[in-house]
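Following: one structure in structure tokens, then a few remarks.
The values are calculated or read from the model by the stated rules, or taken from the named source; none is laboratory data. A quick note: this is a predicted structure, and the numbers were derived from the prediction, not measured. When we count neighbours, we look across all protein chains shown, and the Cβ atoms used for this are built from the backbone with ideal geometry, even at glycine.
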Amino acid sequence: MTTPYLRVAMFTNSLVRVDANFAAAKQAAIYDVTAQGHAFVDIVPFGRRARKGPGGGKGCVMDDMEDDDGTGVDPLTERVEALDGCSVLFTLGLSDLAAVRVHNKKIFPVKSAEVREIDDVLEQMRAMLASKSPPLWLRRVMRAPGGGRMTYEDLQTA
């Protein structure tokens, strides 16, 4: 990218809406967003999903956070590592443990109260970037043209 941008992850089951919990999503759709528009980057599929309860219900998505199948793989780690290079993630929900791990990677989690169209979320992010004064949290997670975090001085001129 040649301008400051955000790399955004959308946790989704449908690929058109932010409609999944962090622990239960089938995939994450990754986009780059600038003040001028957005571009699709990648889809990251996830191998494990939350197990269903004995009655066929949704079950507890936190059950998926335990390594009880003997594989030695932490499914939460898989999801957090998939966010490398991202600045913001959108999801319907995430546990406190997931939020801490995401925050430790300097990624800003946004938990939506309702299902939203990915295009609407991207347009809202573009409009915030295009405003003369984007919110402070947004300025803190912007990426410089080379992909690194923007410095304080860069933020003053962006």
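General observations
- Meets criteria (modelled with pLDDT under 90 and closer than 21 Å to residue 31 by Cα) for residue 99: no
- Residue count, region 105-142 (criterion: of a type in the set (D, E, K, R), within 14 Å of residue 9 (Cα to Cα) and not in a helix (DSSP H, G or I)): 5
- Any hit, region 53-72, residues being on the phi < 0 side of the Ramachandran plot, modelled with pLDDT of 75 or more and surrounded by fewer than 19 Cβ atoms within 10 Å (Cβ to Cβ): no
- Residue selected from region 1-40 under the condition small (Gly, Ala, Ser) and within 27 Å of residue 77 (Cβ to Cβ), by the criterion surrounded by the most Cβ atoms within 10 Å (Cβ to Cβ): 9
- Number of positions in region 82-121 that are within 12 Å of the chain's Cα centre (by Cα) and not small (Gly, Ala, Ser): 20
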